[in-house]
Amino acid sequence: MRACRAGFSGFPRQGGPERTVDTMDIFADFSARVRATIERLGWKAADGSALDLSRVVVEPPRDAAHGDLAVNAAMVLAKPMGQNPRQLAIQLMGELAADPDIAETEVAGPGFLNLRLAPGYWAGFLAGVVRAGDQFGRGVSGKGKVNVEYVSANPTGPMHVGHCRGAVVGDALANILAFAGHDVTKEYYINDAGAQVDVLARSAHLRYLEALGRDIGEIPEGLYPGDYLKPVGAALAAEFGTAFEGKPEAEWLATVRQKAIDAMMAMIREDLAALNVVHDVFFSEKSLQTGPEGDRVARAIDTLTAAGLMYEGRLEPPKGQLPEDWEDREQTLFRSTQFGDDVDRPLKKSDGSYTYFASDIAYHLDKYLRGFANQIDIWGADHGGYVKRMQAAVRAISGSKAALDVKLCQLVKLFRAGEPVKMSKRSGSFVTLRDVVEEVGVDAVRFMMLFRKSDAPLDFDFQKVTEQSKDNPVFYVQYAHARVHSVMKQAAEQLPGLDLSDAGLAAADLTLLNDAGELGLLKRIAQWPRVVEGAAESHEPHRIAFFLHDLASDLHAHWNRGKDLPQLRFVNVDDPLSSHARLAMVKAVASVLASGLAVLGVGAPKEMR
RNA sequence: GGCCCCGUAGCUCAGGGGAUAGAGCGACAGCCUUCUAAGCUGUUGGUCGCAGGUUCGAUUCCUGCCGGGGUCGCCA
């Protein structure tokens with residue numbers, strides 16, 4: 001928390017002094033006031049020791065009838081203080097009632113202290129939001145480095161829809177963390193070292209022969225059949241002529257493999273760009289062994305050995321179906337059970353090469369050495385069994401100084417007008433990421449992928465997400481943003497005398513906002529900073545999407561109240577002062593919608609077409 | 001069998017130690033001389049899978065069970 005927060009005494013009142021842009025989190029503001037009040041009251045535990053205030057929270061009450069803020073302090077502290085919660089609440093209420101920003105206080109239920117804020121406070125808050133613009137809700141910077149690794153699809157073909165969710169979730173989460181004040185690096189781990197890229201190379205070599213005019217017949221089982229390798233074959237033929245024809249694999253594999261990987265990564269980057277996903281770092285798995293720094297996998301294993309975490313031993317055969325080629329042998333094992341894994345893990349295959357896990361340990365060690373004690377990986381749910389060992393590894397290689405959080409993304413099921421879309425990998429008729437983006441647009445794809453908890457399965461209906469109706473949350477939220485711009489345009493025409501600049505709006509008499517719908521909108525807006533912080537801390541980007549939907553809903557609802565009650569309309573020629581205040585309010589709504597959508601990587605259109 | 005995720009309204013899903021558990025869809029009843037009806041309002045609808053435990057308070061946390069999905073050395 002910044003030092004200047006000390007002495008913070010609320011938002012500027014109308015005509016009051018300018019205040020530096022803070023997080024403008026009213027809940028944090030009053031939380032600080034409550035804590036200060038508790039200290040002033042000299043509350044102590046029953047045994048005279050200091051109280052633990054960590055569970056004291058100020059939050060929006062579930063029911064608007066309970067006011068603007070709910071304080072649980074009396075209930076949480078009653079036991080350690082050995083006092084009656086309602087009496088404590090009354091004592092606290094007496095102190096807080098003197099705060100000019102608090103209009104009403106009430107003790108309710110088992111010991112809640114409910115607060116209603118003064119109109120002047122809300123007015124100052126809204127003025128601050130309008131002035132802050134897209135900075136409102138942004139967390140205080142300096143929260144430290146965090147690395148988000150996502151997508152990391154194998155460079156063996158174009159991205160398909162299965163990769164889509166992880167890509168969007170990772171990208172949005174990284175944006176949220178950055179907005180919340182972290183120093184974020186977006187990273188992609190290129191799996192360019194295993195057997196699969198050799199298969200890719202052989203597949204490309206076949207296409208190379210095809211480009212030379214040879215009859216290659218059917219693509220054999222086990223190779224990649226997709227047409228996307230034809231241009232790679234043609235490029236190889238153009239560059240190398242017949243040099244690789246009829247030669248043993250050893251003479252061409254490495255070259256063809258690198259060319260093919262480069263081509264695949266170029267394609268994947270284009271796919272990602274179409275999804276509005278841009279990584280800061282593309283990290284090559286292969287470079288861990290062949291890079292200028294030597295064999296970093298070996299060094300990672302050395303690190304574990306030095307920590308006494310490697311030993312020679314035997315593993316129990318896996319339960320369930322025994323692999324056919326299971327051999328019981330003594331091998332070098334990583335003591336991952338010491339960090340919560342289920343069994344110890346081998347880092348070398350029987351042929352002496354490293355396991356995928358070994359490389360991954362080296363990679364995560366590399367991230368740690370680059371200063372990332374805070375690491376997040378986004379994986380498909382089918383990799384769930386890998387989580388514990390990777391977390392164990394991160395703790396092991398960092399001496400428990402680094403932590404890894406893994407977000408698992410469940411499957412996306414595709415539908416078209418309610419009918420499942422069938423996909424067959426065998427026939428190559430899988431739906432690519434590019435197909436989806438081109439059909440429904442990047443905004444719809446991204447928003448829908450985020451409009452669900454990532455660990456819950458997601459149904460994605462091509463038809464529904466392009467529908468222009470309230471059933472389509474993408475449209476619904478974007479429309480709310482566009483609606484505000486339409487209102488502002490109307491206002492400029494009908495009330496040309498009003499200053500609609502941010503400064504002008506912030507200077508309006510905002511205490512005129514006193515309708516329940518208007519106050520409801522202000523309260524919703526006020527939650528934006530804590531929603532951002534919550535989404536960032538819990539690593540749950542869907543919270544942003546749901547919040548935006550709620551905010552849009554509030555706006556649409558209030559807009560419609562103007563039908564029955566024309567005096568509530570935003571633009572009211574007979575009442576320019578109220579109009580001015582309301583325009584400030586809708587401008588703040590639009591501003592929050594715009595920054596929320598920006599964080600999700602979704603466009604905020606000024607008009608719907 | 002071990003581990004992980006999920007189980008909340010008829011359906012799709014939010015919420016997550018606190019007050020009377022929410023939204024959308026569906027169904028039913030309304031609202032367009034209007035700042036965009038591309039929308040809104042109201043009604044209907046729940047034993048928060050089951051059973052214990054922790055707590056002043058559990059739908060939320062813990063344990064067990066039931067049901068659904070995923071996964072289980074040398075694929076990545």
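Of all the numbered requirements in (1) over 34 Å from the mean Cα position of the chain (by Cα); (2) under 30 Å from A:G352 (Cα atoms); (3) of a type in the set (V, I, T), A:I216 misses one, and that requirement is (2).
So is A:Y311 open to solvent by 30 Å² or more (accessible area, probe 1.4 Å), among the aromatic types (F, W, Y) and out of contact with any Phe, Trp or Tyr (no Cβ under 9 Å at 6 or more places or on another chain) or not? It is false that A:Y311 is open to solvent by 30 Å² or more (accessible area, probe 1.4 Å), among the aromatic types (F, W, Y) and out of contact with any Phe, Trp or Tyr (no Cβ under 9 Å at 6 or more places or on another chain).
Among the residues of the range A:265-272, is any of a type outside the set (F, W, Y), open to solvent by less than 40 Å² (accessible area, probe 1.4 Å) and touching a strand residue (DSSP E or B) at 6+ places or on another chain (Cβ under 7 Å)?
yes
The set of residues from the range A:454-469 being farther than 24 Å from A:W379 by Cα, near RNA strand B (Cβ under 6 Å from one of its atoms) and touching a residue at least 24 places away in the same chain (Cβ under 8 Å) comprises just one member, A:Q468. Any residue at all in the range A:479-496 that's farther than 30 Å from A:V440 by Cβ and away from RNA strand B (no atom under 11 Å from the Cβ)? The answer is yes, given that some residue of the range A:479-496 is farther than 30 Å from A:V440 by Cβ and away from RNA strand B (no atom under 11 Å from the Cβ). Number of residues in the range A:326-345 that are among the charged types (D, E, K, R), open to solvent by less than 60 Å² (accessible area, probe 1.4 Å) and either more than 10 Å from RNA strand B (Cβ to nearest atom) or more than 15 Å from A:Y311 (Cβ to Cβ) (or both) equals 1.
Among the residues of the range A:539-578, those that are buried (at least 19 other Cβ atoms within 10 Å of the Cβ), aliphatic (A, V, I, L, M) and closer than 23 Å to A:F451 by Cα comprise A:I544, A:A545, A:L548, A:L551, A:A552, A:L555.
None of A:E285, A:E330, A:E316, A:E293 is among the charged types (D, E, K, R) and closer than 23 Å to A:G399 by Cβ except A:E293.
Taking (1) farther than 22 Å from A:A588 by Cβ; (2) in contact with a helix residue (DSSP H, G or I) (Cβ under 6 Å, 6 or more places away or on another chain) in turn, A:L126 satisfies each apart from (1).
From A:Y368, A:Y363, A:Y311, which residue is in contact with a strand residue (DSSP E or B) (Cβ under 7 Å, 6 or more places away or on another chain) and either within 12 Å of RNA strand B (Cβ to nearest atom) or modelled with pLDDT of 95 or more (or both)? Don't jump to the end; show me each part of the working.
Working: A:Y368 fails: in contact with a strand residue (DSSP E or B) (Cβ under 7 Å, 6 or more places away or on another chain); A:Y311 fails: either within 12 Å of RNA strand B (Cβ to nearest atom) or modelled with pLDDT of 95 or more (or both).
Answer to the check: A:Y363.
Residues that are aliphatic (A, V, I, L, M), more than 16 Å from RNA strand B (Cβ to nearest atom) and more than 30 Å from A:D360 (Cβ to Cβ) within the range A:108-165 comprise A:A118, A:A123, A:L126, A:A127, A:V129, A:V130, A:A132, A:V140, listed in sequence order. Of all the listed residues (A:L577, A:L513, A:L565, A:L597), the sole one being aliphatic (A, V, I, L, M) and within 12 Å of RNA strand B (Cβ to nearest atom) is A:L565.
Looking across the range A:347-356, the residues that are within 8 Å of RNA strand B (Cβ to nearest atom) and outside any helix (DSSP H, G or I) come down to A:K349, A:S350, A:D351, A:S353, A:T355. Only a single item in (1) open to solvent by 30 Å² or more (accessible area, probe 1.4 Å); (2) at pLDDT below 95 is not met by A:G291, and it is number (1). Out of A:A89, A:A78, A:A70, A:A103, one residue alone is over 22 Å from A:L522 (Cβ atoms) and touching a strand residue (DSSP E or B) at 6+ places or on another chain (Cβ under 9 Å). It is A:A89. Scanning the range A:273-288 for residues that are farther than 16 Å from A:S359 by Cβ and open to solvent by less than 50 Å² (accessible area, probe 1.4 Å) gives A:A274, A:L275, A:V277, A:H279, A:V281. Annotation: of all residues in the range A:189-207 being within 12 Å of RNA strand B (Cβ to nearest atom) and not in a loop (DSSP other than H, G, I, E, B), the one that is most open to solvent (accessible area, probe 1.4 Å) is A:Q196. Scanning the range A:445-496 for residues that are farther than 28 Å from A:V571 by Cβ, hydroxyl-bearing (S, T, Y) and buried (at least 20 other Cβ atoms within 10 Å of the Cβ) returns a single hit, A:S454. Filtered by the rule that a residue be at pLDDT below 90, in contact with a Gly (Cβ under 8 Å, 6 or more places away or on another chain) and not in a strand (DSSP E or B), the range A:314-346 gives a lone residue, A:E330. Only one of the numbered conditions (1) touching a residue at least 12 places away in the same chain (Cβ under 8 Å); (2) farther than 22 Å from A:N154 by Cα is violated by A:V197, and that is (2). Please list, ordered by first then second residue, the pairs with beta carbon atoms under 7 Å, 6 or more apart or interchain, first in the range A:543-571 and over 12 Å from A:E518 (Cα atoms) and aliphatic (A, V, I, L, M), second near RNA strand B (Cβ under 7 Å from one of its atoms) and part of a helix (DSSP H, G or I). These pairs meet every condition: A:A552/A:Y476; A:V571/A:V487; A:V571/A:Q490.
The values are calculated or read from the model by the stated rules, or taken from the named source; none is laboratory data. Bear in mind that the values here come from a model prediction, so they are computed numbers and not experimental data. Note that each Cβ is placed from the backbone with ideal geometry, even for glycine, and that neighbours are counted across all protein chains shown. Accessible surface is based on the protein model in full, side chains and every heavy atom, while ligands, DNA and RNA are left aside. Shrake-Rupley method; radii C 1.70, N 1.55, O 1.52, S 1.80 Å.
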